[in-house]
Amino acid sequence: MREDTVAGNYAETLFELAGRHEGVEAFGAGVEAVAALMDDPTAREFLVTPRVSAADKKAALARSLEGVVPAMLVRFLQVVVDKGRQRLLPQIAAAYRDMLERHLGRRHMEVTVARPLSPVDEEDLVAQLSSAVGATVIPHVKVRPAIIGGIVIREGDTVYDGSVKRQLDAMRRRLMAAELQP
């Protein structure tokens, strides 16, 4: 099974667990703490190295996270260590964050434009996208003059390409494929 699929399964389980206990937002803060822990090279090496026993890793997690994150989250992390999946903690945290954002009615979209947007244009874009998807859209705007004009919106694996460059490329392909009449 692919690692991102496994991480997604763990994140779903954690999300369900959070809903039954302290709440998805409290667990969200805890997941952020765990992701920050994995950003530290020393902590990451400690958790993923096979030279340290699972019991020592679990005890260290309990000591370092006690009172910082919900107790049920600590137990979940200890199960992750028991299963030998601790190297997936950053992916589990990212998948959980995505689930939490969706649960809270927020959707992150990468928006590519040819020139910088004015604050008014960005507010209008957010309003239109939010209305279209029925959720609060948080745009991550990138400027790429190569698209010439228009807009490209990406959410996960879905891309909506309304760029002038794509339209010109499509027109060029149609013209090249057309047969000339004598």
Dividing the alpha-carbon Rg of the stretch 1-59 by 2.2 N^0.38 Å yields what?
1.30
For His103, the accessible surface traced by a 1.4 Å probe with all protein chains present amounts, in square angstrom to the nearest 10, to 110
5 Å is the cut-off here: which amide hydrogens, built 1.01 Å from N in the peptide plane, fall below it relative to Val141, excluding neighbours closer than 5 in sequence?
Val111
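Determine the per residue accessible area of the stretch 37-81 with all protein chains present and a 1.4 angstrom probe, expressed in square angstrom. Walk me through the numbers on the way to the answer.
Working: 2520 Å² over 45 residues.
Accessible area per residue, the stretch 37-81: 56 Å².
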Using only protein heavy atoms and a 1.4 Å probe, report how much of Ile148 is accessible, in Å² to the nearest 10.
100
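So for the chain, averaging the separation of alpha carbon pairs under 8 Å that are six or more residues apart and normalising by length, what relative contact order in percent results? Write down the numbers at each step before the final one.
Details: 185 pairs, mean separation 36.4, N = 182.
Reported as a whole number, the value is 20 percent.
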Distance between Cα centroids, the stretch 129-182 to the stretch 30-51: provide it in whole Å.
40
Can you compute the helix-only [θ] at 222 nm over the chain? Use -39500 (n - 2.57) per DSSP H run of at least 4 residues, normalise by all residues, nearest 500 deg cm²/dmol.
-19500 deg cm²/dmol
Grab the alpha carbons of the stretch 1-106, take their convex hull, and tell me the volume per residue in Å³.
91
Probe radius 1.4 Å, ligands and nucleic acids ignored: give me the carbon and sulfur share of the accessible area of the chain as a rounded percent.
54
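Net charge around Arg63, counting only other residues with Cβ within less than 13 Å of its Cβ (Lys, Arg = +1; Asp, Glu = -1)? Please list the in-between numbers first.
Working: positive: Lys57, Lys58; negative: Asp56, Glu66.
Result for the local shell: 0.
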Could you compute how much accessible surface Val137 exposes when probed at 1.4 Å, giving the result in Å² to the nearest 10?
10
If unit charges are put on Cβ atoms (+1 for Lys and Arg, -1 for Asp and Glu) and the dipole of the stretch 20-106 is taken about its Cα centre, the option from Val31, Ala54, His103 lying farthest towards the positive end turns out to be Ala54
Against the rule of thumb 2.2 N^0.38 Å, how large the Cα Rg of the chain comes out
1.42
Please give every one of the lysines within straight-line cross-link reach of Lys165, meaning a C-alpha to C-alpha distance under 17 Å, and leave out same-chain neighbours fewer than 8 residues apart.
Lys142
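The values are calculated or read from the model by the stated rules, or taken from the named source; none is laboratory data. It should be emphasised that the depicted structure is a prediction, and the values quoted were computed from it without experimental measurement. Here Cβ is always computed from backbone atoms with ideal geometry, including for glycine, and neighbour counts include all displayed protein chains. Calculation scope for accessible area: heavy atoms of the full protein, side chains included, ligands and nucleic acids excluded. Shrake-Rupley method; radii C 1.70, N 1.55, O 1.52, S 1.80 Å.
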